1. Calculate, axis by axis, the spread of Cα positions in region 87-158 along the three principal axes, and write the results as whole Å, longest axis first.
2. Could you pull the Cα extents of region 126-168 along its three principal axes, largest to smallest, in whole Å?
3. Considering the dipole of region 155-224 built from charges on the beta carbon (Lys and Arg +1, Asp and Glu -1) around the Cα centre, which of ASN163, THR173, THR210 is farthest to its positive end?
4. Compute the Kirkwood hydrodynamic radius of region 69-224, taking the inverse of the mean of 1/r over all pairs of distinct Cα atoms, and give it in Å to one decimal.
5. Once you put a point 7 Å from the Cα of VAL48 and another 7 Å from the Cα of ALA185, both along the Cβ direction, what distance in nm separates them?
6. For region 159-224, build the convex hull from the C-alpha positions and give me its volume per residue in Å³.
7. Mind giving me the nanometre distance, one decimal, between the label points for LEU69 and THR121, set 7 Å out from Cα along Cα→Cβ?
8. Please arrange ASP194, ASP208 by accessible surface area, largest first, computed with a 1.4 Å probe and ligands excluded.
Amino acid sequence: MKKVVILIIAFGFCLSDPGPDENDRVCQVAGSASCCNICSLTSVTQKVGELGEKVVNMAEKITFLETRLQNTEKEVLELRSLTGGSPQVAFSAALRDSGSGDIGPFTTATPLQYKKVFSNTGNSYNPSTGIFTAMVSGMYFFRFSMFNNLASTPNSVVSLMKNSERLTSVWDTNGSDSNDMGSNAVVIPLKVGDNVFVQLQPNRLVYDDTMNYNTFSGFLLFTV
């Protein structure tokens, strides 16, 4: 009768959920090789379950990264097929797409928005902002023209800007004739993300109509 009670108590210890440090103690109390095997199997099963969850998470991350890599490779191939392996960047635009009249004055320096786009290979020029953004590092050529405001006294000053740096300007603020225009150009290096735009200076005006006197153009000469 005593032996049966001892076996029941020992078996009860083995069916409980021992911690890693309790396995040896429980097995000593039980005095049974089969009990040790059961306790060890429980611990191993828990660890295998934890490792399984980690493997599943890693597999999901690998699948996500593989998908992103495939999409990136596809975009690169499409870009190469369009450009023949060499970046092609060029644009040209006029100030007005319709109507006529003065533009300005503004109380602060303001980028002119050249809305009538003649070409925009590479889509680096944004007609909504008037800003060209370099997508490729290289040497670029830019040119712009300015037609002054139609008034007895001219009041026109525009500047070509690289980010916050003034590069060159065209102005007409003196004289009795009302039909003057000028142009300027630069060759400059740009890094990816650099912005180039034509800025109307504070309290100045320019005139344009469907004859397209005011233009802004640029293109990539070569990459660096």
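The values are calculated or read from the model by the stated rules, or taken from the named source; none is laboratory data. Since the model is a prediction, treat every value here as computed from it, not as a measurement. Using ideal geometry, Cβ is built from the backbone for each residue, glycine included, and neighbour counts are taken over all protein chains shown. In case anyone asks, the SASA skips ligands and DNA or RNA and just uses the protein heavy atoms, side chains included. Shrake-Rupley method; radii C 1.70, N 1.55, O 1.52, S 1.80 Å.
1. That works out to 46, 23, 19 Å along the principal axes.
2. Rounded to whole Å, the extents work out to 44, 22, 18 Å.
3. Going by the charge dipole, the pick is ASN163.
4. It is 16.4 Å.
5. Roughly 7.7 nm, to one decimal.
6. Values: hull volume 7.7 nm³, N = 66.
Spread over its residues, the Cα hull of region 159-224 gives 116 Å³ apiece.
7. That separation, rounded to one decimal, is 3.4 nm.
8. Details: ASP194 25, ASP208 0 Å².
From most exposed to least exposed: ASP194, ASP208.
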